[in-house]
Amino acid sequence: MRTKILAGNWKMNFGPAETKRFLEALSINPKSHAHMRLYVPYVSLTEALRTTQERAMTVEVGAQNLHFEKSGAFTGEISAPMLKEIGVRHVLVGHSERRQYFNETNETVVKRTLAALDQQIEPLVCIGETLQERESGQTQAVIQAQLSPILQNPTLAAALGKTIHLAYEPVWAIGTGKVATPAQAEDVHQHIRSLLRSQIGPDTANATRILYGGSVSPANFQELLACPNIDGGLVGGASLKLESWTQLWALI
Ligand code: PGA
């Protein structure tokens with residue numbers, strides 16, 4: 001059985017003060033079959049790590065991105081060794097907003113994923129198609145194109161299912177309130193798992209968590225979780241409210 005993950009992506013919300021307030025108000029029962037994780041803004045990482053440690057909370061804390069070089073003339077960027085230095089163990093890579101607005105490509109996603117692993121930081125790699133790609137019947141081809149450079153890299157292939165996991169987020173479902181139906185989501189998750197199986201092997205395919213993301217809410221999470229290939233959620237909007245976040249945890 002794969003341990004499930006409920007991951008919140010706070011995006012550009014919650015500075016250190018709001019982070020502290022949110023975490024101090026969050027009261028959750030630990031679960032043996034699921035992990036809770038929050039990907040918070042860079043400037044809130046230290047506060048999130050401190051508050052969760054002080055309160056012995058079983059909440060993992062991650063960053064939302066990282067640069068692939070260790071250091072150098074990259075104004076405004078943050079490297080994997082910097083994240084490691086402050087105790088970060090998780091990072092999102094290739095979120096569709098990074099791809100859309102910050103020109104991240106499948107190639108830089110590979111570089112960032114390698115940079116994270118090099119510092120023992122566990123990447124959650126995001127993939128997913130746009131509405132136009134779905135409507136023109138290209139969903140499977142896009143997923144394959146996003147996944148192939150990862151599967152073809154021996155270091156990354158060996159880490160999949162161990163320290164690398166995946167999130168499928170159809171771009172048209174992110175922040176739109178238009179959630180994929182469980183059948184649509186399961187269909188792609190199954191495709192992803194079959195690519196893992198055919199290109200790497202059954203053990204990796206069985207061990208890799210594939211989270212669904214895109215307008216997850218307490219109203220639709222249960223149905224999504226009932227799908228055999230959906231191993232949790234990557235949640236934006238509903239991770240920012242204590243009530244919906246707690247409800248999601250109750251459902252996992
Ligand atoms: P959403 O965002 O839940 O607000 O749609 C999900 C995400 O972008 O990870």
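Each Lys or Arg adds one and each Asp or Glu takes one away; over the other residues whose Cβ falls under 14 Å from the Cβ of Pro218, this sums to -1.
With +1 on each Lys and Arg Cβ and -1 on each Asp and Glu Cβ, and nothing else charged, work out how big the dipole of the chain is about its Cα centre, in Debye to the nearest 20.
Working: 23 positive and 23 negative charges, 84 e Å.
Approximately 400 debye in magnitude.
Rounded to the nearest whole Hz, the Karplus-based 3J(HN,Hα) values (6.51 cos²θ - 1.76 cosθ + 1.60, θ = phi - 60°) of the stretch 213-225 follow the sequence x, x, 6, 5, 8, x, 6, 10, 5, 4, 5, 5, 5, with x at glycine and proline.
Full-extension gain between Phe74 and Ser198, please, as 0.36 nm times their residue separation minus the C-alpha to C-alpha distance.
My answer for the length gained is 40.8 nm.
Charge tally for Lys111 (other residues, Cβ to Cβ under 15 Å; Lys, Arg +1; Asp, Glu -1): -1. Footprinting exposure proxy ranking of His95, His33, His191, fewest other C-beta atoms within 10 angstrom first, gives His33, His191, His95. Close amide H contacts of Arg89 (hydrogens built in the peptide plane, cut-off under 5 Å, sequence separation of 5 or more or a different chain): Val61.
Within the chain, what percent of beta bridges assigned by DSSP are antiparallel, to the nearest 5? The answer is about 5 percent antiparallel. Over 22 Å apart at the Cα level, from the set Lys31/Lys241; Lys20/Lys162; Lys11/Lys162; Lys11/Lys241, are Lys20/Lys162; Lys11/Lys162. Out of residues 5 or more away from Gly161 or on other chains, whose amide H comes under 5 Å of its own, with H placed 1.01 Å from N in the peptide plane? The answer is Arg209.
Report summary: the helix-based calculation at 222 nm, which adds -39500 (n - 2.57) for every DSSP H run with n ≥ 4 and divides by the residues of the chain, gives -12000 deg cm²/dmol.
Inter-label distance, Ser27 to Gln144: 5.2 nm, where each label sits 7 Å from its Cα along the C-beta direction.
Determine the distance separating the Cα centre of the stretch 17-83 from the Cα centre of the stretch 85-106; give it in Å without decimals. Taking the Cα centre of each part, the stretch 17-83 and the stretch 85-106 sit 14 Å apart. Close amide-amide hydrogen proximity is noted between Gly213 and Tyr168, Glu169, Leu234, each under 5 Å apart and 5 or more residues distant or on a separate chain (H modeled in the peptide plane; Pro and chain starts excluded).
Among Lys241, Lys4, a tally of other beta-carbon atoms within 10 Å of each Cβ gives an order, fewest to most, of Lys241, Lys4.
Taken together, the values in this text are just the output of simple stated rules run on the coordinates, not laboratory data. As the structure is a computational prediction, the values presented were derived from the model and not from experiment. In this analysis, Cβ positions are derived from the backbone assuming ideal geometry, glycine residues included, and neighbour counts consider all displayed protein chains.
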